[in-house]
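The values are calculated or read from the model by the stated rules, or taken from the named source; none is laboratory data. In this text the structure is predicted, and so the values were computed from the model without any measurement. When we count neighbours, we look across all protein chains shown, and the Cβ atoms used for this are built from the backbone with ideal geometry, even at glycine.
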Amino acid sequence: MNDPHSTAGLDSARTNPDANSPAAQDAGGRQSAATGAPDRQPGLGRRALLQAAVAVPVAGAAVGLPTAWQPAAAHAEDGPDRDVTTSRAGGSENPRFRIAVMPDTQYLFDEDSSDPTPMREAFRHLVKRRREDDIVFVAHLGDVTEHGSEHEIDLADRAFRELDRKLPYSVLAGNHDVDGSTDDQRGDSPYLDAFGPHRLRRTSTFLGASPGGYNHAHVLRAGDREWLILALDWRVSDAGLAWARTLLDEHPTLPTILTTHDLASAGEDGVARLSDHGTRLWEGLIRDHDQVFLTLNGHYWPSGRTVLRNDAGNDVHVHIANYQDVYYGGAGLLRLYTFDLVRNTIDVETFSPWLLGIDADERTPLEAETVERTGEVDRFSLSIDFEARFAGFAPVPPPASRPAEAVMPRGTVAYWRFDEPGLAGAGAAADGEPVDRDTVARDLTGNGNDLVATRLHDGPAEVLTFSGEHHPNQPAHASLRFDGGKNPDRGAVLRAVADAPINGMTFESGYTIELFARLPDPFEGDHSFMGLLSWEGRAGDAGKTSGWSQDEPTCSLNLSGERFLQYVVYPTDRDADPTSWSHALPVGRWMHIAVVNDGRQTVVYVDGSRIARNPTQRSKGIATLGRPFAIGGTQFAEQYSHGFYGWIGDVRISSRALRSKEFLTAEGR
């Protein structure tokens, strides 16, 4: 139910409705359960709200004594009807999954004016798409019905059967579902008879309920982790608040989405502001529980959103979704929250499955207008670094460093890493400390392919430094920071010793070259066609004339001015230079790069994904000349023009084509 904009300046149609009309119940006639005064939002501006959220301490004494919550395991009713479609133990491992949200449906359940069809069709849509779209949960935000009568509740009960034993869900009481003058200690009601714990505990996600039954929680598994959904009554008592605090305290590592009916309202600007009750929830529960990162509520229209800062200094996203004021009581409009843990994004969309089910050419103008909501508060994306956001209460331990012998499978001909014992003195080197000239990077295979550090063009010491930065799945927890550039010419390379076998190996049976790299953010200066690694020498001296220039080396891995990866190789069996090109590589992020040749064709991978522009030309071996292999630069006309700019971690070369599951990253999972 909406209590819109209870500040001065409302239009008269909303502030002074006909006392006998439905608008009178929606726009200002409701009384506060606590005071009997009109239930109005506090009217805080966004800046003031943010300041208040940071500055005001939590009044812990107002919460009351903890009340034991009722775990799902305590109920004997769990049996054959329990939902087993999405269990916590065997939930979705897909890093992309969806949670559906349905706000106020009260105008669809209004005595003899009821039409459950839009909600029922929305639920059917979710059930039909649950596997294909990886829909893992449905949350209703309250005001299921208009009056909470047995007739209306019965109709809603039947509609929710579309989800029973098919898709886990939560539903909570809004002020229209129960006596609006009461809180969660109100006792029995037709709503509780239909949607109390006895029903919800049949779902596989049900965790427990408060003693009165009006608050409950679910734990669902999605994206290879567990999430908590906390569904609170529209008016939470001190006892209910204590129950919620206890529950969160007993599950401190679970990222939590809090759903309730009344928490925030918004103006036409779409900026959400905490309501009186929302302020109470913020102060008494949300702000000092860092695990709550998203809140969802209905009750007010229009929809809106904002971001508040909790006591841990982290963002809490506050969203209002309510469409009861639009055509057909909201027409069963659904919110889909698509979590993408790879992109660190939540994509939000709002649409009506019921109206989508009508042929486009048969929809009336109002149906066509309502089928989808695309405003800034209805269709948007949230950028959330999930690992960083949850690090304060559920840190992900980094993979341990792996010893060299654990990552040198059959066919490994050279392996370099920049910690001890791979790089002499690296174990005690401070981050940012220069690497001395002539420092040796040992080939840990024992094959004698040691590398020696060399500064180009008498560059300063800072062109090559030790670094503790590394890819999360890199075996060694260290790297080298190269600070190369074109103007003036500067850089550093690690060159193989003169008698290193790698200098003349031709790899005619296949090979895999792997390395970890990271580009600085910001990526400053002109670094076009800087080299990551190469073999020295002229292609012309190997009898190769078909390429761009006979002065380029016979094999090099470079980065173009647009940050496109370029791998160019002159094979041993023909005069050709098949070249692979990637997409624009990101900055500020570690990457794993692999060049794989099976003796016939070369394929380049970035982060385990095959890039698009791999040539189909035959490519057998590498036409090496016995000149040194080098990391950190590429020659032209036997001269290094400029050095690499960024970080390089472990480098491994194998004499066979590795499968992706054999890459250095895969071995760290």
- Item | Qualifying positions in region 115-156 - surrounded by fewer than 19 Cβ atoms within 10 Å (Cβ to Cβ) and either under 27 Å from PRO197 (Cβ atoms) or β-branched (Val, Ile, Thr) (or both) | THR117, ARG124, VAL127, HIS147, SER149, GLU150, HIS151, ASP154
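Out of THR579, THR572, THR616, THR624, which single residue is touching a Cys at 6+ places or on another chain (Cβ under 9 Å) and not hydrophobic (A, V, I, L, M, F, W, C)?
Values: THR579 fails: touching a Cys at 6+ places or on another chain (Cβ under 9 Å); THR572 fails: touching a Cys at 6+ places or on another chain (Cβ under 9 Å); THR616 fails: touching a Cys at 6+ places or on another chain (Cβ under 9 Å).
One residue alone meets the criteria, THR624.
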- Query: Looking at (1) within 16 Å of ILE648 (Cα to Cα); (2) β-branched (Val, Ile, Thr); (3) surrounded by 15 or more Cβ atoms within 10 Å (Cβ to Cβ), which is the only condition VAL568 fails?
  - Reply: (1)
- Being more than 19 Å from ARG613 (Cβ to Cβ) and part of a loop (DSSP other than H, G, I, E, B), is that true of even one residue in region 553-565? yes
- ALA430 fails exactly one of (1) closer than 30 Å to THR506 by Cβ; (2) assigned by TED's automatic domain parsing to the domain that holds LEU658; (3) of a type in the set (A, V, I, L, M, F, W, C), namely (1)
- Message: Residues to consider are LEU296, LEU248, LEU274; find the one that is closer than 15 Å to VAL101 by Cβ and touching a Leu at 6+ places or on another chain (Cβ under 9 Å).
- Response: LEU296
- Taking region 586-615 as the search range and keeping residues that are part of a strand (DSSP E or B) and basic (Lys, Arg), which one is nearest to LEU565 (Cα to Cα)? ARG613
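When region 583-603 is examined, which residues are found to be free of Cβ contacts under 8 Å to residues at least 60 places away in the same chain and surrounded by fewer than 23 Cβ atoms within 10 Å (Cβ to Cβ)?
Here is the first cut: in region 583-603, the ones free of Cβ contacts under 8 Å to residues at least 60 places away in the same chain are 583-584, 600-603.
Residues satisfying the conditions are HIS583, ALA584, ARG600, GLN601, VAL603.
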- Query: Out of all the residues in region 454-493, which are assigned to a loop (DSSP other than H, G, I, E, B) and more than 17 Å from ALA404 (Cα to Cα)?
  - Reply: HIS457, ASP458, GLY459, PRO460, GLY468, GLU469, GLY484, LYS486, ASN487, PRO488, ASP489
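Need a quick list: helices (runs of 4 or more DSSP H) entirely within region 130-218 having at least 2 residues that are touching a Ser or Thr at 6+ places or on another chain (Cβ under 8 Å) and closer than 18 Å to GLN324 by Cβ.
Ranges flagged: 150-160.
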- For region 512-553, enumerate the residues that are surrounded by 15 or more Cβ atoms within 10 Å (Cβ to Cβ), over 35 Å from the mean Cα position of the chain (by Cα) and not charged (D, E, K, R). SER534, TRP535, GLY537, ALA539, GLY540, ALA542, GLY547, GLN550, PRO553
- Any idea which of (1) within 33 Å of the chain's Cα centre (by Cα); (2) surrounded by 17 or more Cβ atoms within 10 Å (Cβ to Cβ); (3) more than 30 Å from VAL318 (Cβ to Cβ) is the one LEU456 doesn't satisfy? (1)
- Any idea which of (1) touching a residue at least 12 places away in the same chain (Cβ under 8 Å); (2) part of a loop (DSSP other than H, G, I, E, B); (3) within 23 Å of ARG652 (Cβ to Cβ) is the one GLU420 doesn't satisfy? (1)
